[in-house]
Amino acid sequence: MACGFTASAVQLVASTRTGIGAIPYNVGLSTKGVTFRVWAPNAQAVSVAGSWNFYSNTSHQLANEGNGFWSGDVPNVGTAVQYKFAIKYNNVYTQKNDPRARDLTNSVGYSVVYDPNSYAWTNSNFQIANWNELVVYEMHIGTFWVPDGSAPGTYTDAIAKLDHLKSLGVNC
């Protein structure tokens, strides 16, 4: 048993909370949990397989919202827990990472519940450029820069190349 759950099936009700992915919630001092929502229009069923339910494909079944989205609120699950969506298609479950995950264990590992409001910003003087002057560069850390060519790149590897991106005009 983990986090007070057993591996028996729980059919969740569609969430009334907004957002997509894994969104932690707190109601009052004692009620907490995570809203899970994913778009899987061709799925027969979708569940959340996580560290709290022994990664069961059927333990926490999301509700079909009727528009391709599946959702549910899982109480008593907090941040930093690992999970995948278990998607049933052609009567077979396949576990997939959350395409909206804000954190992953690694490129082939698990999605991790993360609360973006938990980070305490310390630079109150930061000013972003005007939107029409932004030059955005999106990168995949694991493939952006791999100095020795053997393992996935790291944040430290990417930091070594930030001056090069800046010289190209990237400012965000």
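Quick notes on this one:
- Order of LEU29, LEU168 - criterion: other Cβ atoms within 10 Å of each residue's Cβ, fewest first: LEU29, LEU168
- Rounded FRET efficiency, nearest 0.05, which uses the C-beta distance separating VAL146 from GLN11 and R0 of 45 Å: 0.50
- In summary, the aspartates and glutamates within cross-link reach of LYS84, defined as a Cα separation below 18 angstrom excluding same-chain residues under 8 places away, comprise ASP73, ASP98, ASP103, ASP115.
- Length gained on full extension, ASN132 to ASN64, computed as 0.36 nm times the residue gap minus the Cα-Cα distance: 20.6 nm.
- DSSP bridge pairs, the chain: antiparallel proportion in percent, nearest 5: 95
- For a straight C-alpha distance cut-off of 30 angstrom, the lysines reachable from LYS88 (same-chain residues fewer than eight places away being disregarded) are LYS32, LYS96.
- Amide proton proximity set for GLU65, modelled H, under 5 Å, gap of 5+: TRP70, SER71
- Mean shadow area of the range 10-116 over all directions, Cα convex hull, nm²: 6.5
- Within the chain: Cβ-based charge dipole about Cα centre, in debye rounded to nearest 20 (Lys, Arg +1; Asp, Glu -1): 400
None of the figures in this text is laboratory data; all of them are computed from the coordinates on show. All of these numbers come straight from a predicted model, not from anything done at the bench. When we count neighbours, we look across all protein chains shown, and the Cβ atoms used for this are built from the backbone with ideal geometry, even at glycine.
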